Amino acid sequence: MIQPVIDQSGIIHIFKGKQALPIKLAIGEILTAEIMDIFPTGTIQIKINNRIINAQPQRELPLNKGDTVMVKVEKPLQDGTVPLRVLSASETEQIQKALLKTESEISNKIFKLIDSLFSQNISSMKETKQSQMIQTLLTFKAENLSQTQKAVLMQKMIDAIFSYKNTIKNLQGLIKLLEENNFPGEQIASLKNIIITSHEELTPEKLKNCLLNTGVSFESKIKQFLSDASNFEQIKNDLKIIVDNITKQAKAEGMEEIADKAQHILRQIEGYQVLSKTYQSFFTFLPVLWKEIEGGTCAFKRFKRQDKDYYTVFVSLNIGGQPLSFVVTMVERSFFVSFSGKPETIQIVKNHEEDLKKRFAEQGLLLSGINYVTKAEELLKQWQIQEGLVSVRI
């Protein structure tokens, strides 16, 4: 028998096999358990918090493989057994209602913070209040939300980003102000280098460098610099440090308009860092300034599931006032693309399906499926890659 360890806070640590990280259960907490398998011996294999454990039922339960139940962690018995009480249907219904209410309250609060973060009014807030708001967002525990709530919340965040002057337009405005006030040319050149202003500039290497310098990964660069000082160039060219230096210099010289504009861009960068943390991804604005594109966001995440490597990109664009979002997922060298937008925009995409397939083929890439969804929330669920969602059709 695996003997659990209980710490002073009442957390049960179950060390399984050779795994260094224990399975953690809190006495009194209610968890969702997925029935993975039922063995002839009566032992049930369940999945809790993405970990697999075996459970021995004390009485006959009407359970089948694939079922999902809610269980409550009870106080361990003297022999070390950790009881998991299966909740009744009525108890489960009450808890689910309470969870939905809590999720709604949490998502509304976090959305209001995001909404404030991307609004133009944040420049008038005191720095202490701005810092408190950012800290609240960075410590927000997204695991308290269901996948549906996460998708809805992200859509709200994207709507908030697009409803105000977007980051790339703010950068354009900052560059104009700097030029009008004869700011050092090196600072202006550094900002311009992060923006792709023509189709000819859109090369894979240029786009990669621009995305990596949009400020989202700044803290990661700092950690790399502390371990290897040769990484200083990466820090020096990062948008966050460039704009921070401009803010400090503008304040020192009494250029309040420039300082406010730069500070607002910094807050937006921190907003993308919040999104990245919340969704365990790399999420930033699209550093492209073209006449046809009025704003854009880009998110990337990589993970492994069932011994398969997943690479998935979510892009949301505002093209002439019309939203178009798409997800590109690569699984074992096969690509799947899903689109979402207004019917007239989607029809244009459908009209060019053959061109899309041809472009993939020309690059030696396998486009295994194209899919269309009516709601952006469904697209965001696909980007998060839940089980069974990478099922696409042509």
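Some points to look at:
- Accessible surface calculations at 1.4 Å, restricted to protein heavy atoms, place the range 310-349 at 42 Å² per residue.
- Over 20 Å between alpha carbons, listed pairs Lys176/Lys208; Lys169/Lys291; Lys236/Lys291; Lys342/Lys381; Lys192/Lys240: Lys176/Lys208; Lys236/Lys291
- Apportionment of accessible area to carbon and sulfur, the range 306-384, percent (1.4 Å): 51
- Surface composition of the range 254-295: carbon plus sulfur atoms hold 51% of the accessible area, using a 1.4 angstrom probe and ignoring ligands, DNA and RNA.
- Solvent exposure of the range 227-300 amounts to 40 Å² per residue of accessible area, where only protein heavy atoms count and the probe is 1.4 Å.
- Within the range 174-272, GluC sites (Glu not before Pro) in DSSP loop having at most 12 other beta-carbon neighbours inside 10 Å: Glu253
The values are calculated or read from the model by the stated rules, or taken from the named source; none is laboratory data. Fair warning: this is a prediction, and the values are worked out from it, not measured in the lab. Neighbour counts are summed over all protein chains in view; Cβ atoms, including those assigned to glycine, are modelled from backbone coordinates with ideal geometry. Please note that ligands, DNA and RNA were not included when accessible areas were found on the heavy atoms of the full protein model with its side chains. Shrake-Rupley method; radii C 1.70, N 1.55, O 1.52, S 1.80 Å.
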